[in-house]
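This report concerns only the one structure given below.
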Amino acid sequence: FGELEYCFNQYFSKYCAPVIIKDYRYYHRKQNEEFYKAYNKTPAIIGAGSVFQGMIRMQTANVRAASEGKWSKKNLDDFIDGVVKKIISGKNFQNDWGNLIDRYRESLIAKLGTKGYLHVAEQLGKTEGQKFIDPAIHYGQLRFMELLKEHLARTDMPKSSMEYILKEGINNSIFMSLGSRFMRGR
């Protein structure tokens, strides 16, 4: 299992992380552009005479960008949803990640036997309110989301965003869309 874990990590680092970095930089740049546009529209006289004039103008521009800007209206969930859909919709990703999942399934069956594997699948299904959940696909989903969270936490994302990632983790619609994508692909 250690070799498969290494393969999951390497694949994510080489093929998924660059997409996340590129999209995050684009997302962040677009938000900054909207802020500066709103800042330049905000009259310099706002907050005049106050010690906090600069801060008042910046806050006004921030509110304006958040209410008028397309990118500033997006939250972290929107970003994650978009980047995950972009990654998992790629044919190469589906084939490659699917192959890793298949190898994981083979290893589990070799270790647990077919009956043991089916028993684990039934137990997973019970915890999720279903009859049967493929343990290998479940692991592939979990591993992808863990790697995504770890990667986002290592980027220059604001602290509040990192906390959001850690809180939301697997309990969001992205995890479900990832699972349904793998189930359709099999």
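Structure above, values below:
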| item | result |
| --- | --- |
| Formal net charge of residues neighbouring Leu112 (Cβ-Cβ distance under 12 Å; K, R +1; D, E -1) | +2 |
| Shape of the stretch 1-75, Cα gyration tensor, a/c cut at 1.5 | prolate |
| The stretch 146-152 - phi-based ³J(HN,Hα) in whole Hz, Karplus 6.51/-1.76/1.60, Gly and Pro as x | 5, 5, 5, 4, 4, 5, 5 |
| Sequence-distant aspartates and glutamates (8 or more away, or on other chains) whose Cα lies within less than 12 Å of Lys73 | Glu34 |
| Shape of the stretch 68-145, Cα gyration tensor, a/c cut at 1.5 | oblate |
| 21 Å Cα-Cα threshold exceeded, pairs from Lys22/Lys91; Lys111/Lys149; Lys37/Lys74 | Lys111/Lys149 |
| The stretch 13-126: C-alpha gyration tensor shape, a/c 1.5 cut-off, then a/b vs b/c | prolate |
| Loop-located chymotrypsin sites (Phe, Trp or Tyr not before Pro) in the stretch 67-145 whose Cβ has at most 16 other Cβ within 10 Å (DSSP) | Phe132 |
| Length added when fully stretched, Glu146-Asp78, from 0.36 nm per residue minus Cα-Cα | 22.7 nm |
| Net charge over other residues, Cβ less than 13 angstrom from the Cβ of Phe8 (K, R count +1; D, E count -1) | -3 |
| Inter-label distance, nm, simple model (7 Å from Cα along the C-beta direction), Thr114/Ala48 | 8.4 |
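Every read-out reported here was derived from the displayed coordinates using simple, explicitly stated rules and does not represent laboratory data. The shown structure was predicted, so the numbers you read here are calculated from the model rather than taken from an experiment. Virtual Cβ from ideal backbone geometry, glycine too; neighbours counted across all protein chains shown.
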